[in-house]
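The values are calculated or read from the model by the stated rules, or taken from the named source; none is laboratory data. If you're wondering where the values come from, they're calculated on a predicted model, not measured in any experiment. Quick reminder, even Gly has a Cβ in these numbers, built from the backbone with ideal geometry, and neighbours come from all protein chains shown. When the accessible area is computed, the model is the full protein with side chains, heavy atoms only, and any ligands, DNA or RNA have been set aside. Shrake-Rupley method; radii C 1.70, N 1.55, O 1.52, S 1.80 Å.
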Amino acid sequence: ATILREGCLPLVLKSIDFHDRNIQVCTSAISVFRAVSYDFSNHWIVNNFKATASVIETMKVNQESNEVLSEGALFLQNIVCNHEILPDAIDLILSKGIIPIVAHAMSLSSVDTKFLECACELLGNLAFDYNISNEIGSHSSSIEVLLGILTANSGVVSTSALIALKHISTDNGDNAVRIVEQDGIRVVLSFLEGR
C-alpha cells in the first residue's frame with residue numbers, strides 16, 4: 001500500500017523506458033512487478049499500470065538476456081495462473097507476440113537451464129487457454145523446441161518440457177497431430193525409457 005501510495009510503481013516503469021537495454025535495471029524492474037503479482041488481489045494494480053505490456057516489450061528488446069527473460073517469464077506465469085484472469089490480459093499476451101519470443105530464446109545455444117525451466121512452465125500454463133494453445137502450436141517453433149529439450153536435457157527442465165507438451169496437446173487435436181508429425185511419440189518414448 002505504501003509503495004502504491006508513494007507513486008513508486010510508475011517510477012519503476014519509467015526506469016524501464018529510459019534504460020530499456022540495461023540488463024540490471026530491466027531485471028530489477030520486472031522483479032518488482034513479479035513480487036507484486038504473486039498476490040492475485042494485486043493484479044488490478046498491474047493492469048492499471050499496463051505493466052504486462054511493458055514487461056513483454058522489455059523481453060522483446062532484451063531477447064538475448066537470460067536474466068530479463070527469466071524474470072519476465074516468472075512474472076507472466078503469475079499473471080496467467082490467476083483463475084480470474086481477464087480476457088483482455090489473454091488478448092494482450094497474444095497480441096504482443098510473446099510466444100515467438102520465448103520459443104526463439106529457448107532455441108539459443110546460450111540459454112541457461114533456469115530460463116528453459118521458466119519458459120517451459122510459462123508455455124505449459126499459457127496452453128490452458130485454447131486460443132493461446134493454438135498460437136503455440138501453429139505460429140512458432142515451440143513444439144520443435146520442447147521436443148528438442150526432451151532430447152538434450154534431463155532433470156527439472158525436461159520434466160517441465162514434457163508437462164508443457166501435455167498441456168499443449170490436451171483437448172487440442174491439431175497440436176497433438178503436430179507433435180506426432182514432428183516424431184514426438186518416439187522422442188517422448190525415448191525420454192521415458194532413459195528415465
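Of note:
- Phi-derived couplings, Karplus 6.51 cos²θ - 1.76 cosθ + 1.60 at θ = phi - 60°, listed residue by residue for the stretch 163-171: 5, 4, 4, 4, 5, 5, 8, 5, 6 Hz, with x used for Gly and Pro.
- Helical contribution to [θ] at 222 nm, DSSP H n ≥ 4, -39,500 (n - 2.57), averaged over the chain, rounded to 500: -23000 deg cm²/dmol
- Backbone HN-Hα couplings from phi across the stretch 82-91 [Karplus 6.51/-1.76/1.60, Hz, Gly and Pro as x]: 6, 5, 9, 4, 7, x, 4, 5, 4, 4
- Only Lys, Arg, Asp and Glu carry charge here, each on its Cβ (+1 for the first two, -1 for the last two); on that basis the stretch 43-136 has a dipole of about 120 debye about its Cα centre.
- Loop-located GluC sites (Glu not before Pro) in the stretch 35-83 (DSSP state other than H, G, I, E, B) with a sparse environment of at most 13 neighbouring Cβ atoms within 10 Å: Glu64.
- Accessible solvent surface per residue of the stretch 1-148, calculated while the other protein chains remain in place, 1.4 angstrom probe, Å²: 47
- Of the two radii for the stretch 1-151, the radius of gyration is 0.96 times the Kirkwood radius, both from the alpha carbons; that is the Rg over Rh value.
- Net charge dipole size for the chain [Lys, Arg +1 and Asp, Glu -1 on Cβ; Debye, nearest 20]: 260
- Of the GluC sites (Glu not before Pro) found in the stretch 84-183, those that fall in a DSSP loop while having at most 11 other beta-carbon atoms within 10 Å are Glu84.
- Cα gyration tensor shape for the stretch 68-119, rounded if a/c is under 1.5, else prolate or oblate: oblate
- Between Ala35, Ala73, Ala176, the residue with the greatest mean-square fluctuation in the GNM of the chain (Cα pairs under 10 Å linked by springs) is Ala35.
- Degrees between helix 51-61 axis and first principal axis of the chain (Cα, 0 to 90, nearest 10): 60
- Selected from His19, His139, His83 as most flexible by GNM, with the chain as the system and alpha-carbon contacts under 10 Å: His83
- Proximal charge balance of Leu189 [Cβ under 13 Å; K/R count +1, D/E count -1]: 0
- Rounded to 10°, Cα long-axis angle of helix 8-18 versus longest principal axis of the chain: 70
- Inverse mean reciprocal Cα-Cα distance (Kirkwood Rh) of the stretch 68-195, Å: 14.5
- Largest GNM mean-square fluctuation across Asn82, Asn66, Asn48, computed for the chain with C-alpha springs under 10 Å, falls on Asn48.
- In summary, the lysines within cross-link reach of Lys60, defined as a Cα separation below 20 angstrom excluding same-chain residues under 8 places away, comprise Lys14, Lys50, Lys96, Lys114.
- Once all protein chains are placed together, Thr151 keeps about 100 Å² accessible to a 1.4 angstrom probe.
- Mean separation of Cα contacts under 8 Å, 6 or more apart, over the residue count of the chain: relative contact order %: 16
- Descending Cα extents along the principal axes, the stretch 1-73, whole Å: 34, 23, 16
- Over all distinct Cα-Cα pairs of the stretch 146-195, the Kirkwood formula returns a hydrodynamic radius of 10.8 Å.
- Relative to the longest principal axis of the Cα atoms of the chain, the long axis of helix 98-107 lies at roughly 60 degrees.
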